[in-house]
Amino acid sequence: MIPSPRRALVLAALVVAGAAPGRAQALFRAETPVTLTLTTNLRDLTRERDSTDLRWFGAELTYTDSAGLPRAIATELRARGHFRRQARNCSFPPLYLRAGRTARDGSLLQGNPRVKVVTPCRPSVAEYQQYIYLEYLMYRTYAALFDVHHRTRLANITYKDSANRVPPITVTAFLLEIEEEVADEAKLEHADTKGAVFDDLVPESLDRLSLWEFFIGNTDWSIAALHNIELFRNPAGDYVPVAYDFDWSGAVNTRYSFPSAQLGIRTVRERLHRGPCRTPQQWAPTIAFYQSKRAAVDSVWALPIEGLDPRRRADSKAFLDSFWPILTDARRFQRMVVETCQKQGN
């Protein structure tokens, strides 16, 4: 268990977003896909991924601005992540993209010193491109349900090798804001402190988040380990959890995802609740909240996404829709959620 959030010890562990309020963030203020070219030492960038000391590679980002003028920004790229970064799993890693203040001011990156880039991890395989569209929709769904969330933007990206040693790679990816920017946008503090248990979190936020993971068929999360979970501290000193990284969910259903053998389920399409223990009466407000958001979820999954296979969309939506009857069936909810829980944390 972490100490009380109001104690000075925890205050010292907080990472405070240092951004000035009110700054322009053109990148995440729009929803239309942006088209970018990133020129870098592409061969070495995609090879150096299993090291524990990852390097930043100089890169030039080019795009056309809102006035139709070509723009070029000096940036840097670095591999990041865990499973998708490892060469044995993927041929192309997820990335960090960063730029200095002088380079980004007045550009598409203004207000975003660093962003995450989520690219198909096997660009030559069409199925992996579909995963990107579906995970992007998962982030949009999360944003429709939760006030505190990561903003996203689809991006049509061409990666070029500065030495022409490998051919260009053109994909649709999405850009994802980092935790410090989430904190800044929500006027919270990011807390990079492991060891939290359920009692350390705002109950309403925890209940909604744990039912979210059940909703999408995701067991690949841990609050104590900060695995695919981030914690933020509000002005009252309470912790709010935020989920991210949804490619191992049943809703996305990637070919590489699988549940831990310790969980007793065989596929990611078997829902398993790994959240707190509550009575049916205690769950009632969370159930009502989700039911009130069904139309918003449906609206997200009706968004036009160029390139998304309609069959993939329909399959993921059908999986999500199988959640709603569970909420209205007291016996099923009792068996699948109330009786399957973690007493202290996960």
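Before moving on, here are some points about what is shown:
- Summing Cβ point charges (Lys, Arg +1; Asp, Glu -1) relative to the Cα centre of the chain gives a dipole of roughly 540 debye.
- Among Asp207, Asp247, the ranking by other beta carbons within 10 Å of each residue's beta carbon, starting with the fewest, stands as Asp207, Asp247.
- Of every Cα-Cα pair in region 256-346, the percent that sits beyond 24 Å: 34
- The tail of the calculated P(r) for the chain beyond 32 Å holds 32 percent of all Cα-Cα pairs.
- Going from the fewest other Cβ atoms within 10 Å to the most, the residues Arg104, Arg294, Arg312 appear in the order Arg294, Arg312, Arg104.
- Debye intensity ratio in log₁₀ form over the Cα atoms of region 197-272, taken at each q of 0.17, 0.18, 0.22, 0.28 Å⁻¹: -0.64, -0.71, -0.97, -1.33
- Phi to ³J(HN,Hα) by Karplus 6.51 cos²θ - 1.76 cosθ + 1.60 over region 110-120, Hz, x for Gly, Pro: 4, x, 10, x, 8, 9, 8, 10, 9, 10, x
- Between Asn156 and Ala318, the contour length at 0.36 nm per residue exceeds the alpha carbon distance by 55.6 nm.
- Descending by average beta-carbon neighbour count within 10 Å, the peptides 117-124, 318-325 line up as 117-124, 318-325, the highest first.
- By the count of neighbouring beta-carbon atoms within 10 Å, fewest first, Phe146, Phe258, Phe174 end up ordered Phe258, Phe146, Phe174.
- Choice from Thr62, Thr279, Thr75 showing the highest fluctuation, given a GNM over the chain with Cα pairs closer than 10 Å: Thr279
- In region 37-100, the chymotrypsin sites (Phe, Trp or Tyr not before Pro) that fall in loop regions by DSSP, at most 14 other Cβ within 10 Å: Trp56
- Violating pairs (Cα-Cα greater than 32 angstrom) within the set Lys116/Lys194; Lys160/Lys293; Lys160/Lys317; Lys116/Lys317; Lys160/Lys194; Lys116/Lys343: Lys160/Lys293; Lys160/Lys317; Lys160/Lys194; Lys116/Lys343
- 19 Å tail of the calculated P(r), region 187-338, as % of Cα pairs: 57
- The amide H of Ala155, built 1.01 Å from its N in the peptide plane, has Val34, Ala173, Phe174, Leu175 as neighbours under 5 Å, considering only residues 5 or more places off or on other chains.
Bear in mind these aren't lab numbers, they're just calculated from the coordinates by the rules spelled out. Quick caveat: nothing in here was measured; it's all calculated off a predicted structure. For neighbour counting, all protein chains shown are included, and Cβ atoms are generated from backbone atoms with ideal geometry for every residue, glycine included.
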